[in-house]
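K.L.:
Dropping a structure here in structure tokens format, bear with me for questions.
The values are calculated or read from the model by the stated rules, or taken from the named source; none is laboratory data. All values derive from a computational prediction rather than experimental measurement. Virtual Cβ from ideal backbone geometry, glycine too; neighbours counted across all protein chains shown. All accessible areas refer to the heavy atoms of the entire protein, side chains included, with ligands and DNA or RNA removed. Shrake-Rupley method; radii C 1.70, N 1.55, O 1.52, S 1.80 Å.
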Amino acid sequence: MEGTTVAYRCPASKESALQWIQLYQEAANITLTTNRSTDPCAAYELRVTCNKKPHNHAVDNAAALRHRRVSELTKARLMELFQHHHSPSTALETLKLQLQEEHGSAYPSVAADRAIVPDRMAVYYLYYKHCRERYPASTQEETMDLIRHMKDVRTAVSVEDGETVIAAVTPLMERVHTLPDAGEVVFVDASGGMDRHGQRVFLLMCWSPAGGLPLGVIVSTSETEAVVDKAFRLLVGILPDGAFGGRGRRGPLCFMTDDCQAERNALSAVWPEARLLLCTFHVLQAVWRWLHNGKHGIDKQHRQAIMALAKQLVYANNEAEIATTMELVATEWGERYPLLDQYLQGFAARRQEWALCLRTDVPTRGHNTNNIVESAFRVLKDSVLYRTRAFNLLQLFDSVTVQLSKHYARRACDVTEFTYQVKSLTSVGITYLVDLNVGACTCRMNRRTGGCKHLRAVRQQTGAVPEATATKETRRALMDIAMGTSQQLPGNWFDPLVAEPSTSSPPGPTPASAPGVAQPQPSPSPEEYDDDAMDFEDPAAAAAAVSGAEQRRSDDRTRQTVAFIQEWAAFMCEAVVQDDTWERAAAAFQQRWGQLPTAGRQSALHQFGGAQGCRRNATQIPVQPTSTARRTSTNVRGRARWPAGRPCRSARTGEHGYVAASARRSAAPHSLATCVDQNRPLGR
């Protein structure tokens, strides 16, 4: 064809033609049984002929194989992968892995054939064909109708003024609302870039021992305040009875969101009794953006100092520190930057939303940011959509409801491990592994006695370590959330590998008191442990544990030091009286002690018994005795001339230094006989 980018102008060609075959049938005495009135092509057949001319290009190499059509078998394998919610990229990669396992070393020759390994364009063509078949939504009315009638999903749809809002609650989300953790802090955020039409997705998440779990999902066309308010009101209408923890709620309902005015206003309007909390990261990010806005006139060299004061406001320990910091800002920067003082005054008026010291009554469990819902969006984009934009709104809705719920159902089933890492505060870099399945710890005390404080501390932790709440009852509740019911599981399914020891003893003699039974060894005291504290996440508990442990260690060291000084003083008194050499040494010590300042006395005690006659921090280096005599002299004076274990460098030493050289070099005799006898030139 003229005008194409690739025109090989190959003389070999094929011709296709429809030929009337009735004459051939009559010549062969074959009766034409097909009626031409019902089938106009009954008397014709397609014949393909070739001119049998040679090709002007290669036909048996990899370049020619890349032009083959995709085989039906390859199409079927790709369609099967698309049925399992693979994206074009992951489907092609999975197909290549399967072919590599099947063909082994012959895979390079197979991969060059487009009929077996298609190119990316062909895979995308098949993917869009699959999407059109599975999500057949051609119009908006048809799409909304399919969403309303989606199986086992509570939905609410609103289409007004060109804005589309869809709220949904899946069966898994309904069961998540039964958890008491669902009524503590609800994390709300929105994201986009998931489909080809720019839809916005809102997720409501809560904390659980399995991580974040979804409570509801909203899909809208924009994030305006009117649309967000409408979306939340639609969601309220489809929430189950006893939503957000119901009667098991441990405190007031709290929503944590970013610094989005539309979301905060909509949440306050729909749930007026709820308390709003702001994400710490987004709060500081908003301050940073305000400072770097050129319209506000903040100099570049002052932004870092002002940002540090903003961090002090957020992480203050009490309201008094907040007031002190605000006074400091007004004093140092108020007159220079009036807009800054005005901005921070409005910022401080909302301290109930961002100040960490005012959240002590909220069970945040250390989650002061929106990371839980941010990680949920990453799961949605990476593990559900595989970083591929949804084909249409119907596919996006299926992904954020059905497929996302399946992912979190698998996560809830995976909470079966009872292994924890406990850091040692007394030994840097030491971490102990605690396994609650068998009641074991890797510390030496547990290996010797079968019980340690690390194991007890992990068992006692309930709120500081999130994984420690994965008890038998919690795992059963998570299994109910994932499966809908756990009735088909046996009653002892969630029991640990080793039963917990009973605290109450049965009546009668215990087995240990029976004749011939060895009595158990008493448990060691806490002072015998190799560590005295563990890495708590609760700052107050950590500070109390560390302070108590440090106090005990300090008292022990003080007693040992005092006892040593008393023993040393008694020895010196006796030695000075009995031996004159000790008396002279003690007198020199007394004289130098009086001349040294306090820092010098402490340094002398630290350096007592160290290397003498060499440089500080020097080490004794062994050398060959013959190597020191061949060194050249250096023009070095003072203390730096003293070596660290090596003899002094001197050019006056003889060839080997076996005999001590004289202090002064004598003149060589002016004698030819001496030079010949000693084999040395004249004048040396």
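K.L.:
Placing +1 at every Lys and Arg Cβ and -1 at every Asp and Glu Cβ, with all other atoms neutral, what dipole size does segment 43-189 have around its Cα centre, in debye to the nearest 20?
P.N.:
I would put it at about 1260 debye.
K.L.:
With the Cα gyration tensor of segment 62-134 giving a ≥ b ≥ c as the square roots of its eigenvalues, does the rule (a/c under 1.5 for rounded; else a/b larger than b/c for prolate; else oblate) give rounded, prolate or oblate?
P.N.:
Working: a/c = 2.41, a/b = 1.49, b/c = 1.61.
Here segment 62-134 falls in the oblate category.
K.L.:
Using per-residue counts of other Cβ atoms within 10 Å, averaged over each peptide, order 314-326, 188-200 from highest down. Write down the numbers at each step before the final one.
P.N.:
On the way: 314-326: 14.8, 188-200: 17.6.
The packing order, highest mean first, is 188-200, 314-326.
K.L.:
What is the distance, in nm, between label points placed 7 Å from the Cα along the Cα-to-Cβ direction at ASP677 and at ARG456?
P.N.:
9.3
K.L.:
In addition: Have a look at ALA305, LEU328, GLY294 and report the one farthest towards the positive end of the charge dipole of segment 281-358, computed about the Cα centre with Cβ charges (Lys/Arg +1, Asp/Glu -1).
P.N.:
Of ALA305, LEU328, GLY294, it is GLY294.
K.L.:
Rounded if a/c is under 1.5, else prolate if a/b beats b/c, else oblate: with a ≥ b ≥ c from the C-alpha gyration tensor eigenvalues square-rooted, which is segment 202-291? Mind dumping the intermediate values first?
P.N.:
Working: a/c = 1.81, a/b = 1.30, b/c = 1.40.
In terms of gyration-tensor shape, oblate.
K.L.:
Can you tell me the dipole magnitude for segment 62-134 around its Cα centre, using point charges on the Cβ only (Lys, Arg +1; Asp, Glu -1), in Debye to the nearest 20?
P.N.:
340
K.L.:
Now for a separate question. What is the set of long-range amide H partners of VAL70 at a cut-off below 5 Å, with H atoms built 1.01 Å from backbone N?
P.N.:
Distant-sequence amide H within range of VAL70: zero hits.
K.L.:
Ignoring ligands, DNA and RNA, how do THR178, THR581, THR360, THR155 rank by accessible area with a 1.4 Å probe, largest first? Intermediate values should be presented prior to the final figure.
P.N.:
Details: THR178 100, THR581 75, THR360 125, THR155 35 Å².
Largest to smallest exposure gives the sequence THR360, THR178, THR581, THR155.
K.L.:
Explain nothing, just compute: Karplus ³J(HN,Hα) = 6.51 cos²θ - 1.76 cosθ + 1.60, θ = phi - 60°, for every residue of segment 592-604 in order, whole Hz, x for Gly and Pro.
P.N.:
Coupling constants for segment 592-604: 5, 4, x, 7, 7, x, 5, 5, x, 5, 5, 5, 5 Hz.
K.L.:
Kindly state, to the nearest 0.05, the FRET efficiency for TYR343 paired with MET150, given R0 = 51 Å and r defined as their beta-carbon distance.
P.N.:
Calculated value: 0.65.
K.L.:
OK, next. How large is log10 I(q)/I(0) at q = 0.13, 0.19 Å⁻¹ when the Debye formula is applied to the Cα atoms of segment 281-358, each weighted equally and without solvent?
P.N.:
Computed log10 I(q)/I(0) values: -0.35, -0.76.
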